[in-house]
1. With (1) under 29 Å from Ile229 (Cα atoms); (2) in contact with a helix residue (DSSP H, G or I) (Cβ under 9 Å, 6 or more places away or on another chain) as the list, and Thr92 as the residue in question, which single condition is left unmet?
2. So which helices (runs of 4 or more DSSP H) are wholly in the range 93-175 and hold at least 2 residues that are open to solvent by less than 60 Å² (accessible area, probe 1.4 Å) and at pLDDT 95 or above?
3. Give the range 108-139 a look and list any residue that's polar (S, T, N, Q), without any contact (Cβ under 8 Å) to a residue 12 or more places away in the chain and closer than 19 Å to Phe69 by Cβ, or say none.
4. Anything in the range 196-243 that is in contact with a Gly (Cβ under 9 Å, 6 or more places away or on another chain) and either farther than 24 Å from Ile17 by Cα or β-branched (Val, Ile, Thr) (or both)? List them, or say none.
5. Tell me, please, whether a residue that is closer than 25 Å to Leu121 by Cα, open to solvent by less than 50 Å² (accessible area, probe 1.4 Å) and in contact with a Pro (Cβ under 8 Å, 6 or more places away or on another chain) can be found in the range 41-50.
6. Can you name the strands (runs of 3 or more DSSP E) wholly within the range 188-281 that have at least 2 residues being modelled with pLDDT of 90 or more and out of contact with any Ser or Thr (no Cβ under 7 Å at 6 or more places or on another chain)?
7. Looking at the range 72-108, which of its residues are more than 20 Å from Thr61 (Cα to Cα) and small (Gly, Ala, Ser)?
8. What are the residues in the range 264-281 that are open to solvent by less than 20 Å² (accessible area, probe 1.4 Å) and over 13 Å from Pro59 (Cα atoms), if any?
Amino acid sequence: MKIKLVCDSLCDIPKEIMEKEYIEIVPLTIMVDDKEFREGVDINKQEFYDLVKKINVIPKTSQATYMEFKEVFDKYIAEGYEIICLTGAANTSGTFQSATLAKNDTDQDKIHVFDTRNLSLGSGQYVIKACELLESGMDANEIVEELESIYSSVRLIFMPYTLNFLKKSGRVPITTALVGNMLNIKPIFFFDDGEAKLVNKVRGSKQVATKLVDMILELCKGKNIENMIFTIGCGDNIEDIDKLEEEVKKRINCRRLLFTRGGVAICSHTGPDILAISCSN
């Protein structure tokens, strides 16, 4: 049985993963000044970064719909595929529910909908892992079982360069955002079970790379890092990724190190400038 991996655009994945022939991405929609854009269809990442910085407007996002998933599922079921669909955290976005409803109206036995319980680079870890498992020859049920087994190992830490976007979305208190911006304090968040938790702060941005690596190593204490996959990411601040990559290569001897940029849907909530690091078994 042929397998198709479907994910929503809340899963930020490296370009080399995105371009695999068995990957299909269902886009979320963003709204800017009453105009709608489907991520990766009507607007790419760089166009989004440029647009947001130019007009200084915080976008709104809309989940991938039942119909969008239904059309994708129908297409690939008709072509003889079994489908594994990976979505952003169910308690953060409605895409998991949309995908589940679409599955229930299609061939349920051939569709597996998987809640990554994460977002961005965290969700991307499951897509990367699924690719490895698919290419190793596992069937769909075996792949899903393996993905379930890495829940406890997936970690995501990220630092937005401004709190304005998270303030607008209600993910940080207004007072915290105002004080943070005034004092140039950079918040560091740990994404845990569908929730972004403020876990540290750094004044300025010079020590961010070091602090992110310190924290990811602390979260991975007791794990065999040599067997893990790490992904680092940024938004429009591409010039900052070199220092994070250098710090990771100096201090982390992992099985695989990948890079991606924050997607349109994710950066609508965090802002276009961000640094992040994630890992999994």
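The values are calculated or read from the model by the stated rules, or taken from the named source; none is laboratory data. The structure presented is a predicted model; accordingly, all values stated were derived computationally and were not measured. As a convention, Cβ positions derive from the backbone with ideal geometry for all residues, glycine included, and neighbour counts pool all protein chains shown. The accessibility values were calculated without ligands, DNA or RNA, using every heavy atom of the protein model including side chains. Shrake-Rupley method; radii C 1.70, N 1.55, O 1.52, S 1.80 Å.
1. Of (1) under 29 Å from Ile229 (Cα atoms); (2) in contact with a helix residue (DSSP H, G or I) (Cβ under 9 Å, 6 or more places away or on another chain), only one is false for Thr92: (2).
2. On the way: elements: 95-104, 120-135, 140-149, 164-168.
Because the criterion is at least 2 residues that are open to solvent by less than 60 Å² (accessible area, probe 1.4 Å) and at pLDDT 95 or above, the helices (runs of 4 or more DSSP H) in the range 93-175 that meet it are 95-104, 120-135, 140-149.
3. Restricting attention to the range 108-139, the residues satisfying the condition of being polar (S, T, N, Q) are 108, 116, 118, 120, 123, 125, 136.
If we keep only those that are without any contact (Cβ under 8 Å) to a residue 12 or more places away in the chain as well, we get 108, 136.
Answer for the range 108-139, where residues must be polar (S, T, N, Q), without any contact (Cβ under 8 Å) to a residue 12 or more places away in the chain and closer than 19 Å to Phe69 by Cβ: just Gln108.
4. Those that are in contact with a Gly (Cβ under 9 Å, 6 or more places away or on another chain) and either farther than 24 Å from Ile17 by Cα or β-branched (Val, Ile, Thr) (or both): Lys201, Thr231, Ile241.
5. Yes, there is a match, as at least one residue in the range 41-50 is closer than 25 Å to Leu121 by Cα, open to solvent by less than 50 Å² (accessible area, probe 1.4 Å) and in contact with a Pro (Cβ under 8 Å, 6 or more places away or on another chain).
6. On the way: elements: 195-203, 229-234, 256-261, 274-280.
Those strands (runs of 3 or more DSSP E) span 229-234, 256-261, 274-280.
7. Ala78, Gly80, Ala102
8. Ile274, Leu275, Ala276, Ile277, Ser278, Cys279, Ser280
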